[in-house]
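Student: Let me give you the structure first, and then I'll get to my questions.
Since every read-out is calculated from the coordinates, none of them should be taken as a lab result. This structure is a prediction, so every number in the text was calculated from the model and none was measured. Note that we place each Cβ from the backbone using ideal geometry, even for glycine, and neighbour counts take in every protein chain shown.
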Amino acid sequence: MKVLVPVKRVVDYNVKVRVRSDNSGVDLNGVKMAINPFDEIAVEEAVRLRESQQAAEVIVVSCGGPASQETLRTALAMGADRAILVESDAELQPLAVAKLLKAVVDREQPGLVICGKQAIDDDANQTGQMLAALMGAGQATFASKLVVEGSSIHVTREVDGGLETLAVGLPAVVTADLRLNEPRYATLPNIMKAKKKPLEVLPAASLGVDVAPRLRHGRHEEPAPRKGGVKVADVAELLSKLKNEAKVI
Amino acid sequence: MKTLVIAEHDNSTLAGATRHAVTAAAQLGGEVDLLVAGNDCGAVVAEAARVAGVSRVIQVEAAFYRDQLAENLAALVVSLVQLKLYENVLVGSSAWGRNVAPRIAALLDVAQVSDVVKISRRGCYQRPIYAGNVLVGVESDDPVQVLTVRTTAFDAAGEGSPAPIESAAAGADLGLSQLLRREISRSERPELGAAKIVVSGGRGLGNGDNYQQVLTPLADKLGAALGASRAAVDAGYVPNDYQVGQTGKIVAPGLYVAVGISGAIQHLAGMKDSGVIVAINKDPDAPIFQVADYGLVADLFEAVPALTGSL
Ligand SMILES: Cc1cc2nc3c(=O)[nH]c(=O)nc-3n(C[C@H](O)[C@H](O)[C@H](O)COP(=O)(O)OP(=O)(O)OC[C@H]3O[C@@H](n4cnc5c(N)ncnc54)[C@H](O)[C@@H]3O)c2cc1C
Ligand SMILES: Nc1ncnc2c1ncn2[C@@H]1O[C@H](COP(=O)(O)O)[C@@H](O)[C@H]1O
């Protein structure tokens with residue numbers, strides 16, 4: 001079975017982004033970029049499946065500009081076998097990404113797709129579910145455990161009240177939550193090796209998919225900051241503030 | 001104009017998130033139908049009919065809707081949208097809502113707007129991105145607007161006069177997935193998303209026993225829900241559904257007490273709209289103090305029992 005893992009290049013999770021002064025967007029100039037943390041977890045899971053001989057090949061795919069090659073190399077250094085860049089300089093929204101991924105799925109016929117649960121830039125949490133819909137496949141989102149059982153998978157999902165476990169027939173789409181695994185660090189020898197692994201560039205236009213944005217993003221603003229509070233000296237003062245000033249208890 | 005809100009439920013009670021989604025739906029104008037798809041879910045239908053602002057309840061019963069699997073549910077909603085010409089589909093932005101809504105949007109070939117916090121008019125919204133560090137205006141001309149709405153941004157719809165109930169035919173069972181088991185924690189405490197007071201603990205608690213011994217008495221005294229940082233969940237102090245933050249639950253209680261939590265942006269994303277924030281942390285430079293209304297620099301193992309004792 002082939003496993004396909006879509007990975008997105010995003011602003012590093014440690015960066016607190018700033019809005020451009022004309023409110024037209026987020027200032028990404030010189031900002032540190034990284035592989036989306038959830039996608040790193042998805043790659044790790046796929047590589048573990050291959051290492052345990054449950055998967056034959058791990059293919060990573062990213063939709064975006066040429067710089068996404070860097071993200072793909074990171075995934076290759078973690079152990080993915082080959083990479084595909086679906087190249088486009090246009091803004092790609094989740095529905096468009098899902099359609100591009102569907103075209104790649106049609107070509108590669110993976111038994112399993114593991115996405116991240118959400119991209120930490122748009123925080124959309126949509127693409128995996130959309131791809132599953134377009135594939136007519138079953139979905140298991142927010143996965144914290146994945147076990148392959150013959151022609152299906154058993155996936156434990158993090159839901160609001162606790163956990164649930166689904167059996168989903170293959171091919172299926174899984175989205176990785178934080179507790180699925182702890183991704184490995186790429187070692188230097190593996191980073192070197194990754195440079196030689198195949199990375200194919202497919203122009204998005206060649207896939208015959210309508211990727212025009214459906215949503216228009218207008219004014220960006222930073223939410224009103226909270227007013228700096230006070231430090232209280234001790235528990236007694238805290239209690240009195242909560243009772244008499246804030247009146248919340 | 002007609003809007004369809006999909007009810008989140010467990011076949012016996014209606015989830016709170018749905019009442020918030022109904023309020024958001026009403027802001028779009030026009031009629032608001034509430035779909036209850038389930039199995040033996042009469043009690044939910046009765047509850048749904050009394051939600052203020054609901055024009056009618058659409059009841060769909062089949063054994064294969066019992067477990068609320070996304071594939072069957074999404075297919076049903078798409079057929080209802082096409083049959084009854086709904087122009088908007090809304091759900092609360094809970095784990096359940098986030099699972100099913102994008103599948104509906106893709107089948108309808110429309111975009112979805114996630115985590116809507118403000119509706120200016122149909123097709124014109126505001127939503128947070130980058131862990132809530134940025135709010136962006138979003139416009140959509142898609143023929144059906146599929147939205148997940150952040151429950152903390154819209155009030156819960158109250159009780160109204162009963163709405164009529166209509167039955168609709170079930171769709172097909174696609175058989176793409178099955179529920180094997182569900183481990184849902186039952187608690188006497190208020191629900192995290194709806195509580196007026198939340199007491200949250202982080203890595204500073206050190207372990208699960210400490211978490212229980214230090215925070216539970218405080219939460220009991222305050223009638224509070226319990227929450228946690230990701231670090232506390234990852235380390236196994238508490239179950240996953242306690243997590244507050246960018247990738248956990250978004251809460252906005254009147255009072256949020258953060259104990260032994262440093263205040264990473266991903267955590268702040270889940271609680272910074274709380275009314276009053278209290279932080280108890282031994283590190284005076286912890287970022288949590290930048291958002292706390294009342295900060296107490298102290299060892300939590302002394303401060304929290306003292307606070308509990310004097311309540
Ligand atoms: C993609 C992604 C998503 C994430 N999503 C979330 C999310 O949804 N929610 C979330 O919370 N995090 C999330 N995180 C993790 C986040 O970045 C932080 O790592 C996490 O919030 C830290 O948890 P903490 O504050 O409990 O631990 P720490 O940062 O280790 O802080 C512990 C604090 O306890 C204090 N302390 C220690 N001992 C005592 C004592 N005896 N008395 C008083 N204070 C004490 C310390 O001074 C310190 O400030 C996410 C990270 C990533 C990469
Ligand atoms: N441009 C992209 N290229 C490849 N994968 C993507 C892209 N955008 C989103 N994804 C995948 O979809 C997941 C969810 O993204 P989102 O729906 O944008 O929150 C991510 O974690 C990735 O696995």
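Student: Calculate how steeply helix A:94-108 sits against the longest principal axis of the alpha-carbon atoms of chain A, using the helix alpha-carbon long axis, and give the answer as 0 to 90 degrees to the nearest 10.
Tutor: Value to nearest ten degrees: 20.
Student: Take each of the peptides A:76-85, B:198-207, A:102-111, average the number of other beta-carbon atoms within 10 Å over its residues, and list them starting from the highest. Before the final figure, lay out each step's value.
Tutor: Working: A:76-85: 22.3, B:198-207: 24.3, A:102-111: 17.0.
Packing proxy ranking, top to bottom: B:198-207, A:76-85, A:102-111.
Student: Please sort A:115-125, B:136-146 by packing, taking for each peptide the average over its residues of neighbouring beta carbons within 10 angstrom, highest first. Show your work: numbers first, answer last.
Tutor: Numbers: A:115-125: 24.8, B:136-146: 18.7.
So the order, starting with the most tightly packed, is A:115-125, B:136-146.
Student: Whole-Hz ³J(HN,Hα) for each residue in region A:15-26, computed from phi via Karplus 6.51 cos²θ - 1.76 cosθ + 1.60 with θ = phi - 60°, x for glycine and proline: what do you get?
Tutor: Each residue of region A:15-26 in turn: 7, 9, 6, 10, 7, 4, 5, 8, 6, 7, x, 9 Hz.
Student: Turning to a different aspect of this structure: If you take every DSSP beta bridge fully contained in region B:1-147, what fraction is antiparallel? Give it as a percent rounded to 5. Intermediate values should be presented prior to the final figure.
Tutor: Values: 10 of 29 bridges.
Beta bridges within region B:1-147, antiparallel portion: roughly 35 percent.
Student: Would you kindly derive the ³J(HN,Hα) couplings of region A:54-66 from the backbone phi angles with the Karplus curve 6.51 cos²θ - 1.76 cosθ + 1.60 (θ = phi - 60°), listing them in order in whole Hz, with x for Gly and Pro?
Tutor: With the stated coefficients, region A:54-66 comes to 8, 10, 8, 8, 10, 10, 9, 9, 10, 10, x, x, x Hz.
Student: Moving on to the next point. Which whole-Hz couplings ³J(HN,Hα) result when phi for each residue of region B:108-118 is put into the Karplus expression 6.51 cos²θ - 1.76 cosθ + 1.60, θ = phi - 60°, listed in order with x for Gly and Pro?
Tutor: 8, 6, 10, 6, 10, 9, 8, 6, 4, 10, 8
Student: Continuing with this model, one more query. From the helices alone, meaning DSSP H stretches of at least four residues, give me the mean residue ellipticity at 222 nm for chain B, per-run term -39500 (n - 2.57), in deg cm²/dmol to the nearest 500.
Tutor: Working: 8 runs with 74 residues, N = 311.
Calculated at 222 nm, the ellipticity per residue is -7000 deg cm²/dmol.
Student: Can you say what percent of the DSSP beta bridges in the protein assembly as shown, counting only those with both residues inside, are antiparallel? Round to 5.
Tutor: Working: 41 of 116 bridges.
Antiparallel bridges: around 35 percent, rounded to the nearest 5.
Student: Roughly how many debye, to the nearest 20, is the charge dipole of chain A about its Cα centre, given +1 on each Lys and Arg Cβ, -1 on each Asp and Glu Cβ, and no other charges?
Tutor: Numbers: 32 positive and 32 negative charges, 70 e Å.
Taking the Cα centre of chain A as origin, the dipole is about 340 debye.
Student: Excluding A:Asp123 itself, calculate the net charge of residues whose Cβ lies under 9 Å from the Cβ of A:Asp123, where each Lys or Arg counts +1 and each Asp or Glu counts -1.
Tutor: -2
Student: As an exercise, use a Förster radius of 35 Å and the Cβ-Cβ distance of A:Gln109 and A:Lys196 to find the FRET efficiency, rounded to the nearest 0.05.
Tutor: On the way: r = 25 Å, r/R0 = 0.72.
According to the calculation, E is roughly 0.85.
Student: Against the longest alpha carbon principal axis of chain A, how many degrees, from 0 to 90 and to the nearest 10, is the axis of helix A:37-51 turned?
Tutor: Approximately 40 degrees, to the nearest 10.
Student: Spin-label point model (7 Å from Cα, Cβ direction): what's the A:Asp89 to B:Ala63 distance in nm?
Tutor: 5.8
Student: Report relative contact order for chain B in percent, whole number only (criteria: Cα-Cα under 8 Å, sequence separation at least 6). Mind showing how you got there, number by number?
Tutor: Numbers: 689 pairs, mean separation 45.3, N = 311.
The normalised contact order for chain B reaches 15 percent.
Student: Stokes-Einstein at 37 °C, 0.692 mPa s, Kirkwood radius from Cα pairs: D for region A:2-244 in µm² s⁻¹? Let's see the in-between values first.
Tutor: Values: Rh = 19.4 Å.
Answer, rounded: 169 µm²/s.
Student: Taking only DSSP H segments of four or more residues, each worth -39500 (n - 2.57), what value at 222 nm results for chain A once the sum is divided by all its residues, to the nearest 500 deg cm²/dmol?
Tutor: Values: 6 runs with 63 residues, N = 249.
Here the helix-only value at 222 nm equals -7500 deg cm²/dmol.
Student: Describe numerically, in nm with one decimal, the distance between label points set 7 Å from Cα along Cα→Cβ at B:Asn39 and at B:Gln213.
Tutor: Each label point lies 7 Å from its Cα, and together they span 4.5 nm.
Student: So if I place +1 on the C-beta of Lys and Arg and -1 on the C-beta of Asp and Glu, and nothing else carries charge, what would the dipole magnitude of region B:1-113 be about its Cα centre? I want it in debye, nearest 20.
Tutor: Details: 8 positive and 11 negative charges, 43 e Å.
Dipole size: approximately 200 debye.
Student: Taking only the alpha-carbon positions of region A:4-92 and ignoring solvent, what does the Debye formula give for the base-10 log of I(q)/I(0) at q = 0.15, 0.19, 0.20, 0.23 Å⁻¹?
Tutor: -0.60, -0.85, -0.91, -1.09
Student: Between A:Lys117 and residues 5 or more places away or on another chain, which pairs have amide H atoms under 5 Å apart, with H built 1.01 Å from N, and which residues are they?
Tutor: A:Ala176
Student: Another one. Just tell me how shielded B:161-168 is by partners: mean number of partner chain Cβ atoms within 10 Å of each residue's Cβ, no decimals. Working shown, then result.
Tutor: Numbers: counts 0, 0, 0, 0, 0, 0, 0, 0.
Average neighbour count from other chains, rounded to a whole number: 0.
Student: Mind jotting down the distance between the C-alpha centroids of region B:188-221 and region A:207-229, whole Å?
Tutor: Value for the Cα centre distance between the two parts: 34 Å.
Student: Now, a different point. At 0.890 mPa s and 25 °C, plugging the Kirkwood radius over alpha-carbon pairs of the protein assembly as shown into Stokes-Einstein gives what diffusion coefficient in µm²/s? Provide the component values of the computation, followed by the final result.
Tutor: Details: Rh = 24.2 Å.
Value of D from the Cα-based Kirkwood radius: 101 µm²/s.
Student: Same structure, new question: Mark the label point 7 Å from the Cα of B:Gln290 along Cα→Cβ and return the residues of region A:215-249 whose backbone N is within less than 20 Å of it.
Tutor: A:221-232
Student: Please state the charge dipole magnitude for region A:1-121, taken about the Cα centre, from unit charges on C-beta atoms (+1 on K and R, -1 on D and E), reported in debye and rounded to the nearest 20. Before the final figure, lay out the partial values.
Tutor: On the way: 15 positive and 17 negative charges, 23 e Å.
Roughly 120 debye for region A:1-121.
Student: Modelling each spin label as a point 7 Å along the Cα-to-Cβ direction, I'd like the A:Ala246/B:Asp234 distance in nm, to one decimal.
Tutor: Each label point lies 7 Å from its Cα, and together they span 2.7 nm.
Student: When only C-alpha pairs under 8 Å and at least 6 residues apart count, what is the relative contact order of region B:187-251, in percent? Walk me through the numbers on the way to the answer.
Tutor: Details: 101 pairs, mean separation 23.9, N = 65.
Answer for region B:187-251 is 37 percent.
Student: Using a 10 Å cut-off around each Cβ of peptide A:175-181, what is the average number of partner chain Cβ atoms that fall inside? List each step's numbers first, then the result.
Tutor: Details: counts 2, 0, 5, 9, 6, 0, 0.
For peptide A:175-181, the averaged partner shielding equals 3.
Student: Let me ask another. Suppose we keep just the DSSP beta bridges with both residues in region A:2-244; what percent of those would be antiparallel, to 5?
Tutor: On the way: 18 of 45 bridges.
Rounded to the nearest five, the antiparallel share is 40 percent.
Student: When only Cα pairs under 8 Å and 6 or more residues apart are kept, what is the percent relative contact order across region A:2-244?
Tutor: Values: 493 pairs, mean separation 58.3, N = 243.
With pairs under 8 Å counted, the relative contact order is 24 percent.
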